[in-house]
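Everything on this sheet refers to the single structure shown next.
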């Protein structure tokens, strides 16, 4: 779900701003057509977007990384331009992690920096725990290792039912009406229209079954505490549902780093791109510097 918390700064370029020149191929992974964007060369950085997002959510990050790294950003199943399975099982966190892992295999991504935002961070955790040897580092952005707060509330249940009964357009309108930043968002019609178009690129099935998968996920804090690779945790200071979980992950993962971005809500890569990119790039370069010795 794309939403903006108290402290969100909507005066930014739309989330579909140009990444510059990049390729946009598709690959077949287990019968699923997975679309992804690729730019740059060097050590691979894999960027995994969140619920109801797509690869273009990283449009303000790719230009910063592409001069130093090979940057890959897939559209998750049912999101963006990727295939739209109707089987609920395709939207479990484990199944989506398998799809992303299959993409890594197809592209030969070894020693990869894995970056996941929100639901993408939950998927990244599954990959890191199942294939730690494939990763160079793990970056978790505004995400949780616990069942996310609020996913079992009446409001969320109502939105899922709305998606089931009336479709994604109705969900968009309902979410906007509930949003405390709605007036500020409506004051920027170009920005709002871009968000709407990208939100509506999510299938009804993806919305329903991804929401259920996140609500039913098992806690991974104990498992994450056994990770031995470099971990960076980033969270918007005003993203109230995820600040606590981010701090708990930091406390449990030995040697991890935690960066809270001031005046920022749930999407720091869009709301505060300069701060986000600087934090991310410093971490990646530090990890690569250590690895190169």
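Bear in mind these aren't lab numbers, they're just calculated from the coordinates by the rules spelled out. Remember, it's a predicted structure, so these values are computed and weren't measured experimentally. Virtual Cβ from ideal backbone geometry, glycine too; neighbours counted across all protein chains shown.
Structure notes:
- Principal axis box of segment 44-140, alpha-carbon based, largest edge first, Å: 38, 28, 23
- Counting only alpha carbon atoms, the long axis of helix 154-166 and the longest principal axis of the chain meet at about 70°.
- The residue 156 and residue 257 beta-carbon pair, evaluated with R₀ = 22 Å, returns a calculated FRET efficiency of approximately 0.10.
- Relative contact order of segment 137-293, taken over Cα pairs closer than 8 Å and 6 or more residues apart, is 30 percent.
- Summarising the overall dimensions of segment 140-242 from its C-alpha atoms, the Rg and Dmax are 16.1, 47 angstrom.
- Label of the coordinate-derived value, Rg and Dmax of the Cα atoms in Å, listed as (i) 18.7, 56; (ii) 20.7, 68; (iii) 17.5, 57: (iii)
- Per residue, the convex hull spanned by the Cα atoms of segment 65-208 amounts to 138 cubic angstrom.
- Relative contact order, percent, segment 26-292 [alpha-carbon distance under 8 Å, six or more residues apart]: 20 percent
- Helix-only [θ]222 nm of the chain, DSSP H runs n ≥ 4, -39500 (n - 2.57) each, per residue, nearest 500: -12500 deg cm²/dmol
- Extending 7 Å from the Cα toward the beta-carbon at both residue 169 and residue 248 defines two label points whose distance is 4.0 nm.
- Neighbour counting of Cβ atoms within 10 Å sorts the residues 266, 35, fewest neighbours leading, into 35, 266.
- On full extension, the segment bounded by residue 221 and residue 130 gains 31.3 nm, given 0.36 nm per residue less the C-alpha separation.
- Mean silhouette area of segment 244-293, derived from the convex hull of its C-alpha atoms and averaged over all directions, reads 4.1 nm².
- Take the Cα radius of gyration of segment 48-98 and divide it by 2.2 N^0.38 Å, N being the number of residues; the result is 1.29.
- Projected area averaged over orientations for segment 199-288, convex hull of C-alpha atoms, nm²: 7.3 nm²
- Per the Debye formula on identical point scatterers at the alpha carbon atoms of segment 89-168, with no solvent, log10 I(q)/I(0) at q = 0.14, 0.16 Å⁻¹ is -0.56, -0.69.
- The calculated FRET efficiency for the pair residue 282 and residue 184, based on their C-beta separation and a Förster distance of 35 Å, comes to about 0.70.
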